[in-house]
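Working notes, structure below.
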Amino acid sequence: MDMENVKQIFRDAGTALSRAVQFTEEKLGKAEKTELDPNFEQLVTFCDNTKQNTETILKNMEFILNSNPGMRVENLFFLDKKKSGLSSLEYLGLAMTEAGNDFGPDTVYGSALIKVGYVQQTLGLNQRDFIKSANDCFVSPMNKYLETDMKTVVKERSLLEKRRLDLDACKTRVRKTRMLATTKVKAENDLKIAQEEYDRQAEITKLLMEGVPSAHPQHLQHLLDFVDTQAAFYLKCHESLMSLQSDLSGFPTDQDNIATLSPDTPALGRVQQAKVITSQEPRDAHDLRLSAGEVISIDVNSDIGSNYFIGKKIQKGKVYKSNVRLLNQS
């Protein structure tokens, strides 16, 4: 280490000590402090409010988006899905579909579990898309603002405070050395330099803080984008749930009907062969899927309403009477 570097270290240490002494004496009321003009103080307050409120909003936003410990925002960007955790809704959906398959997809309860499970997984995927979109349109740009523009303002304000401490320390030395001619000239020269540096830094800081209000319109746009994303998310969820509710509306709600449609339920009456004359697509989980021309077994004594038989292929289910013709009828 050369001598010049050693001297610089000592100068820096002396400056830091001078600032510490000035700051302490100000707190104790033993030293004067240069006050900022009212307009500058208003800018400081506005910047502080912008920084603190933005940080609070982002903290709460990230808590909502990351409330599921199994799915963090950073996981959404992994290409390998094995690395990304599932959401609670996706775990629930998987559990329901597995249970439905265990109970049997041909049973009423098993079929309902599978339907609900698929929708829960869909809701989970919608939630994943919403989190990523919200992060892209709001969290990331707002964090970027704090890490760039606002960080620069904070840095320059900190430098201004150091320049102010240097200035006030020089003023104190000038007052203490007025009677000592040998040191008075140096103290006054140091004061002049400190005043120039302080004025220059104050102007830089003021210009930066005056730019903070101009960022609010962009923040408003990010907020509107977030609301659009959130509205689209809840609309998708609403549509999925309404469709699910419609699919489940035909399911029996009492134990008798559930027992009636169980695959293990014995025949209720006389079984007869019937030929399918019109293909039948299931309207709900109770209906059989039929193709024109095939022959199935029909319980002709079943009474699930005037329009239905109970038919059996591999499993039992409802058969519309208009879609079949009993083989003993002409």
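The values are calculated or read from the model by the stated rules, or taken from the named source; none is laboratory data. The structure displayed is predicted, hence computed values, not measured ones. Every residue, glycine as well, gets a Cβ built from its backbone with ideal geometry; the counts of neighbours run over all protein chains shown. Heavy atoms of the whole protein, side chains included, go into the accessibility calculation; ligands, DNA and RNA do not. Shrake-Rupley method; radii C 1.70, N 1.55, O 1.52, S 1.80 Å.
A few notes on this one:
- Residues that are in a loop (DSSP other than H, G, I, E, B), touching a residue at least 60 places away in the same chain (Cβ under 8 Å) and open to solvent by less than 50 Å² (accessible area, probe 1.4 Å) occur at least once in the stretch 89-111.
- Among the residues making up the stretch 207-250, those that are among the acidic types (D, E) and touching a helix residue (DSSP H, G or I) at 6+ places or on another chain (Cβ under 9 Å) are E210, D225, D228, D247.
- If you check K132, K171, K151, K162 for being at negative phi, exposed (fewer than 15 other Cβ atoms within 10 Å of the Cβ) and part of a helix (DSSP H, G or I), only one passes: K151.
- Those residues of the stretch 34-81 which are modelled with pLDDT under 90, basic (K, R) and loosely packed, with under 13 Cβ neighbours inside 10 Å, in sequence order: K81
- Among (1) at pLDDT below 95; (2) in a helix (DSSP H, G or I), the one test that Y145 misses: (1)
- Contacts under 9 angstrom Cβ, first residue in the stretch 37-58 being under 16 Å from E147 (Cβ atoms) and in contact (Cβ under 8 Å) with a residue 12 or more places away in the chain, partner assigned to a helix (DSSP H, G or I) and basic (K, R), 6 or more apart: C47/R157
- Hits in the stretch 186-238 - residues which are of a type in the set (V, I, T) and open to solvent by less than 50 Å² (accessible area, probe 1.4 Å): T205, V212, T229
- Every pair of residues 6+ apart whose Cβ atoms lie under 7 Å, when the first sits in the stretch 289-314 and is under 17 Å from L327 (Cα atoms) while the second is assigned to a loop (DSSP other than H, G, I, E, B) and modelled with pLDDT of 80 or more: L290/S279; S291/S279; A292/I277; A292/T278; A292/S279; G311/L288; K313/L288
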